[in-house]
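Scroll down for the structure; my scribbles are underneath it.
Just so it is clear, none of the values below were taken in a lab; they were calculated from the coordinates. This one's a predicted model, so the numbers in the text were calculated from it and none came from an experiment. Don't worry about glycine lacking a Cβ; one is built from the backbone with ideal geometry, like all the others, and counts go over all protein chains shown.
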Amino acid sequence: MKTYLVILLFCAVSLRAEIEFSGFFTTSKEAFFVLTDKETHRSSGWLKIGQSFGSYTLLTFDGEQDVITLRQGERLLKIPLRASKVKDGRSTITGSLKFLNEKVEGVRASLFFGEEASFPLKNGITFRIKPEPGPDGNILYRAKFIATGEDGAEKVLSAPSVVAIPGQPFGIQIGDFGYSFTP
């Protein structure tokens with residue numbers, strides 16, 4: 001009987017979801033998601049629906065609830081977007097990005113205060129943004145458009161940052177680079 005209980009306990013512990021839904025970036029044409037193994041702190045990098053990370057396969061995303069559904073073997077897991085480490089420190093933004101001759105409409109992404117979010121664009125260009133609460137209650141959005149060369153070296157193409165009132169639309173355009181978002 002003791003052996004049976006030990007096996008049952010071991011199975012129950014191994015069935016716990018030790019995976020975290022860490023972030024998302026969607027546009028009108030694409031959707032990307034990040035999972036993190038909570039035990040090893042290893043990140044999946046950007047995944048699309050149908051792709052896998054470890055034993056988890058990404059099946060669906062509920063954008064209204066910010067919940068993903070994963071399959072692990074025969075199990076289906078519904079995992080909500082992780083909570084912020086800072087009180088009221090998570091925001092979902094919607095809007096658009098402009099870089100060089102490209103414009104990406106319908107962007108929706110998760111941001112966490114004090115953490116840089118990195119979003120893949122086209123042609124080796126990445127958009128990075130880090131919201132930081134200021135002492136006056138406003139939010140500084142530090143942003144960068146970065147090109148990654150074939151050798152892996154990164155080059156900052158533009159760094160348009162802006163201060164915004166919490167909950168209000170914000171944006172900036174400097175030359176060929178800019179963004180416009182609503183929290």
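Quick notes
- HN-Hα J in Hz across segment 128-138 - Karplus 6.51, -1.76, 1.60, θ = phi - 60°, x for Gly and Pro: 10, 9, 9, x, 10, x, x, x, 8, x, 7
- Listed residue pairs exceeding 23 Å between alpha carbons, taken from Lys38/Lys98; Lys78/Lys103; Lys103/Lys155; Lys29/Lys155; Lys38/Lys155: Lys38/Lys98; Lys78/Lys103; Lys29/Lys155; Lys38/Lys155
- When all alpha carbon pairs of the chain are counted in 10 Å bins from zero, the resulting P(r) reads 8, 32, 32, 17, 6, 3, 1, 0 %.
- Averaging the Cα positions of each part gives two centres, and for segment 139-159 and segment 15-65 these lie 24 Å apart.
- C-alpha long axis of helix 2-14 to longest principal axis of the chain, angle in °: 10 degrees
- From phi via Karplus (6.51, -1.76, 1.60), per-residue ³J(HN,Hα) for segment 107-114 in Hz, x at Gly/Pro: 6, 9, 8, 9, 10, 10, 4, x
- Computed over the chain, the per-residue total of -39500 (n - 2.57) for DSSP H runs of n ≥ 4 gives a 222 nm mean residue ellipticity of -2500 deg cm²/dmol, rounded to 500.
- Cα-projected label distance for His41 with Leu77, points at 7 Å along beta-carbon direction, nm: 1.9 nm
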